[in-house]
1. Checking the conditions here, which among Val111, Val118 is open to solvent by less than 60 Å² (accessible area, probe 1.4 Å) and either at pLDDT below 95 or touching a strand residue (DSSP E or B) at 6+ places or on another chain (Cβ under 7 Å) (or both)?
2. What number of residues within the range 170-187 are under 26 Å from Ser139 (Cβ atoms), touching a strand residue (DSSP E or B) at 6+ places or on another chain (Cβ under 6 Å) and surrounded by fewer than 18 Cβ atoms within 10 Å (Cβ to Cβ)?
3. Would you mind stating whether Arg256 is basic (Lys, Arg) and assigned to a strand (DSSP E or B)?
4. For the range 39-65, how many residues meet the condition of being open to solvent by less than 100 Å² (accessible area, probe 1.4 Å) and over 22 Å from Asp181 (Cβ atoms)?
Amino acid sequence: MRMRAPSFPVGIMAGVEGKKVPSVPESLIKKRKAFADIKAKRLKRLVVQKKLRKAQRKLIYARAQAYHKEYRQMYRREIRMARMARKAGNYYVPAEPKLAFVIRIRGINGVSPKVRKVLQLLRLRQIFNGTFVKLNKASINMLRIVEPYIAWGYPNLKSVHELIYKRGYGKINRQRIALTDNSLIQRCLEKYGIICMEDVVHEIYTVGKNFKAVNNFLWPFKLSSPRGGMKKKTIHFVEGGDAGNREDQINRLIRRMN
């Protein structure tokens with residue numbers, strides 16, 4: 001059975017047709033406009049950030065090149081001075097090292113209070129922890145006090161570079177954060193003019209004026225136990241053991257522990 005369509009008076013139908021219903025609600029139009037404004041601002045901000053990142057990368061690359069040139073000049077100068085001295089029949093004595101890398105090689109059993117305190121000041125609270133130390137009269141005396149518990153020496157550029165790049169962690173909001181991005185360094189050390197990993201390596205290796213700030217920013221290095229084991233921790237390196245100052249031989253130990 002076919003249904004019959006409802007019939008409306010002519011006046012009512014004319015009123016419905018005369019009043020035009022909007023296709024899109026006003027609230028939705030406002031929402032779309034606001035979203036478009038937000039999107040435009042975000043795109044503009046992204047373009048600005050991209051330009052800043054590009055400029056930052058150029059600056060970092062230029063700094064790395066300058067540091068590489070400086071390291072090469074330092075290396076060539078040492079060779080040239082040694083050759084000139086040998087040619088004149090003299091001996092060339094290099095400058096006293098300014099940087100040491102200290103590794104704790106013994107545990108906590110039977111440690112006297114004074115030694116424990118010095119190890120805390122050096123930030124060596126765990127076995128196989130390592131830190132960089134600026135060498136002066138006070139720090140050398142501290143190293144002598146704790147010598148039976150540490151192995152230390154004078155790291156070269158390669159050792160400093162590998163330690164910071166492979167095992168470098170920063171102290172950010174009292175937390176140990178891996179240095180996976182230059183922005184982490186820039187956020188904490190920009191006030192010292194240090195914005196990237198190469199700046200950190202340069203400041204540590206050359207023992208610059210901001211060495212203390214950069215060294216405190218770096219968390220103590222947590223090294224592995226050395227490949228091939230240790231000889232004897234209880235006697236000095238010069239007697240065939242592991243403890244004490246081993247000068248440039250520390251670089252071999254770092255290779256085995258890094």
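The values are calculated or read from the model by the stated rules, or taken from the named source; none is laboratory data. Fair warning: this is a prediction, and the values are worked out from it, not measured in the lab. Glycine also receives a Cβ, built like all others from the backbone with ideal geometry; neighbour counts cover every protein chain displayed. Remember, those area values only see protein heavy atoms, side chains included, never the ligands or the DNA or RNA. Shrake-Rupley method; radii C 1.70, N 1.55, O 1.52, S 1.80 Å.
1. Result: Val111 is the single residue among Val111, Val118 that is open to solvent by less than 60 Å² (accessible area, probe 1.4 Å) and either at pLDDT below 95 or touching a strand residue (DSSP E or B) at 6+ places or on another chain (Cβ under 7 Å) (or both).
2. Looking only at that region, the number is 1.
3. Considered against the rule, which asks whether it is basic (Lys, Arg) and assigned to a strand (DSSP E or B), Arg256 comes out as no.
4. 3
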